[in-house]
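Nothing in this text is a laboratory measurement; each read-out follows from the coordinates by a stated rule. Just so it is clear, the structure is predicted and the values come from calculations on it, not from any experiment. With ideal geometry, Cβ positions are generated from the backbone for all residues, glycine too; neighbour counts draw on all protein chains shown.
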Amino acid sequence: MKKVLLSLALLAGFAGAANAQSGVVKYGVKGGFSLSSYTGGGETGSSTGFKPGFTAGVLVNYGLSDMTSIQVEGLYSQKGAFIDKANYPAGTALAPYNGQQYRSTLSYIDVPVLFKVNTGEAGKGLFFELGPQASFALRDREFFRPQGEDAGSPKEVTAYSSRDRMVPVGIGYVGGIGYQITSGFGLGVRYNGDFSNVFKDGFGTGNAPLQGTNNFHNGVFQFQVHYLFGGKS
């Protein structure tokens, strides 16, 4: 009987610890550096590279247990890509820019909903996060620059400066890993991938859309710092 009572007491203790953070809501801010590019699509240049940008915003964390939580974020995110020596089929709207460097700066509001697992004690230590994300398009600036020219060159030509040709709401996923340094400060690295296309009608569209090149997606690596008000996540 004593063993049974002891076992029940231990189970109750573990259950109490597991639910110590259940129902606790915390708020926070985050920001960081990103490297983005296009994934998928056809051959449009000699090489596709990563474009630097930034992300910043707020978050709400709802505790499910001492180790798990649901986190919803609202982030301003810069995405895009650069392509050396653009190569478009003859007769298309962007063919005159062949051989130049293509660059884009795409602005979004990202809303990820993440399931977060913290493996450390007292809210510190290694954590993992995974979940879906909705991305709301804000702005599209795409421009061409002669190879080797610096930013702001008078030879730089803006091809598009409106979000009209972007898919207005994209659906994707987020996966990441990080470390909670203190009960408030933490660092993280994550990857955002889109299931949705970047553009409505195709990459490099104009009077003659490029056939077979409308399956470009955003792919973004993010390096973030966050702070949770009120303690651990």
Derived scalar couplings ³J(HN,Hα) [region 92-98; Karplus, 6.51 cos²θ - 1.76 cosθ + 1.60; whole Hz; x for Gly, Pro]: 8, 4, 9, 4, x, 9, 4
Exposure proxy ranking, count of Cβ atoms within 10 Å, fewest first, for Val167, Val220, Val60: Val60, Val167, Val220
Highest-first arrangement of 97-103, 176-182, where packing means the average Cβ count within 10 Å: 97-103, 176-182
Label-to-label distance, nm, for residues given as Tyr27 and Gln147 (7 Å Cα→Cβ offset): 5.2 nm
Computed over region 22-229, Kirkwood Rh from alpha-carbon pairs, angstrom: 18.2 Å
Formal net charge of residues neighbouring Leu35 (Cβ-Cβ distance under 11 Å; K, R +1; D, E -1): +2
Order of Phe127, Phe185, Phe144, Phe229 - criterion: other Cβ atoms within 10 Å of each residue's Cβ, fewest first: Phe229, Phe185, Phe144, Phe127
Cut-off 12 Å between beta-carbons: net charge of the residues surrounding Thr105, Lys and Arg +1, Asp and Glu -1: +4
Region 60-92 versus region 172-199: alpha-carbon centroid distance in Å: 9 Å
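Treat the count of other C-beta atoms within 10 Å as a stand-in for reagent exposure and order Asp66, Asp110 from fewest to most.
Least crowded to most crowded, the residues run Asp66, Asp110.
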